[in-house]
Amino acid sequence: MFKFSLLILCAGFGKRMLELTTNTPKPLIKINNKILLNNTINFFRSIGCNEFFINTHYLNEEIEKHVNKNFNNINLNLIYEPSILGTGGGIKNIFNYTDNKKICVVNSDIFWKPENKLDINNFLKNFHEIRYCKILLSKNDNFYGLKKTKGDFNITNDNISNWTEGNELNFYSGFQIVSKNIFENTKSHFPMNDVWKDLIDAQSLKGGFMHSNLFHIGDKNSIDIL
């Protein structure tokens, strides 16, 4: 089994969940009687992740208490951001806490299921060949939960480009492999979309598709999709 490190992005405010996140950080919301963060950790442990990082900001004390109570027996590192760094800044910051040159990154609002394991394992097969960044996409027919009327990306022969009107709807799955070297000329606070844009312009952003169903708990209405 391939061993890898994973950053779970947990610093956001979860504003689309409305009152559900007033006192509870989004990663600790319960879906199908399972806490989102627990589901993510247990899913990735089952396919080989042996080192976890979790970045926190909003209601960080709640996440810290939960992790210390439920996951004190695994290699898990909490990284608190006093000032929220954005998705890109949060990923860049993690490389200050690990010697790894590449790391897997996942959003905390995906509800992973056993049928997703094959897709993730296939996506990880060329981990060591990835020079910059590779993102996992889901086609519209397999994507459930919060999605838009416009797609996120086009993909041709593993090369990612910006979505254009008339193309099939492809959505970002929330999972990617990131190399440290893509952050050399970036600031400390920025969204990952800025990095993806530069990589697309340089024709250096790679991607792949998953074939199983994906459940994105993006807003309050998404809770009932399972």
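With the requirement that a residue be part of a strand (DSSP E or B) and in contact with a helix residue (DSSP H, G or I) (Cβ under 6 Å, 6 or more places away or on another chain), what does the range 179-213 give you?
Step one: filter the range 179-213 for residues part of a strand (DSSP E or B), giving 179, 205-210.
Within the range 179-213, Leu205, Gly208, Met210 meet the criteria.
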Any idea which residue in the range 15-54 is surrounded by the fewest Cβ atoms within 10 Å (Cβ to Cβ), counting only those that are in contact with a Pro (Cβ under 9 Å, 6 or more places away or on another chain) and in contact (Cβ under 8 Å) with a residue 60 or more places away in the chain? Ser46
Take the range 129-138 and flag every residue that is surrounded by fewer than 21 Cβ atoms within 10 Å (Cβ to Cβ) and either in contact (Cβ under 8 Å) with a residue 12 or more places away in the chain or among the β-branched types (Val, Ile, Thr) (or both). Ile130, Arg131, Tyr132
Over 19 Å from the mean Cα position of the chain (by Cα), at pLDDT 95 or above and under 26 Å from Asn121 (Cα atoms): is that true of Ser204 in this structure? yes
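One line per residue, one yes/no per condition, for (1) more than 18 Å from Thr21 (Cα to Cα); (2) in a helix (DSSP H, G or I); (3) over 18 Å from the mean Cα position of the chain (by Cα):
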| site | (1), (2), (3) |
| --- | --- |
| Lys65 | no, yes, yes |
| Lys69 | yes, yes, yes |
| Ile74 | yes, no, yes |
| Ile79 | yes, no, no |
| Thr87 | yes, yes, no |
| Lys92 | yes, yes, no |
| Asn96 | yes, no, yes |
| Asp99 | yes, no, yes |
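Run down Ile155, Ile110 and say which single residue is in contact with a Gly (Cβ under 6 Å, 6 or more places away or on another chain), surrounded by 17 or more Cβ atoms within 10 Å (Cβ to Cβ) and more than 15 Å from Leu6 (Cβ to Cβ).
Values: Ile110 fails: more than 15 Å from Leu6 (Cβ to Cβ).
Criteria check complete, one pass: Ile155.
Please indicate, with yes or no, whether at least one residue in the range 76-89 is of a type in the set (Ser, Thr, Tyr) and in contact with a Pro (Cβ under 9 Å, 6 or more places away or on another chain). Reasoning before the result, please.
Just the residues of the range 76-89 that are of a type in the set (Ser, Thr, Tyr), to begin with: 80, 83, 87.
When the remaining residues are screened for being in contact with a Pro (Cβ under 9 Å, 6 or more places away or on another chain), the result is 87.
Within the range 76-89, one or more residues are of a type in the set (Ser, Thr, Tyr) and in contact with a Pro (Cβ under 9 Å, 6 or more places away or on another chain).
The values are calculated or read from the model by the stated rules, or taken from the named source; none is laboratory data. For clarity, every value in this text was computed on a predicted model and none was experimentally measured. Methodologically, a virtual Cβ is constructed for each residue, glycine included, from the backbone with ideal geometry; neighbour enumeration extends over all protein chains shown.
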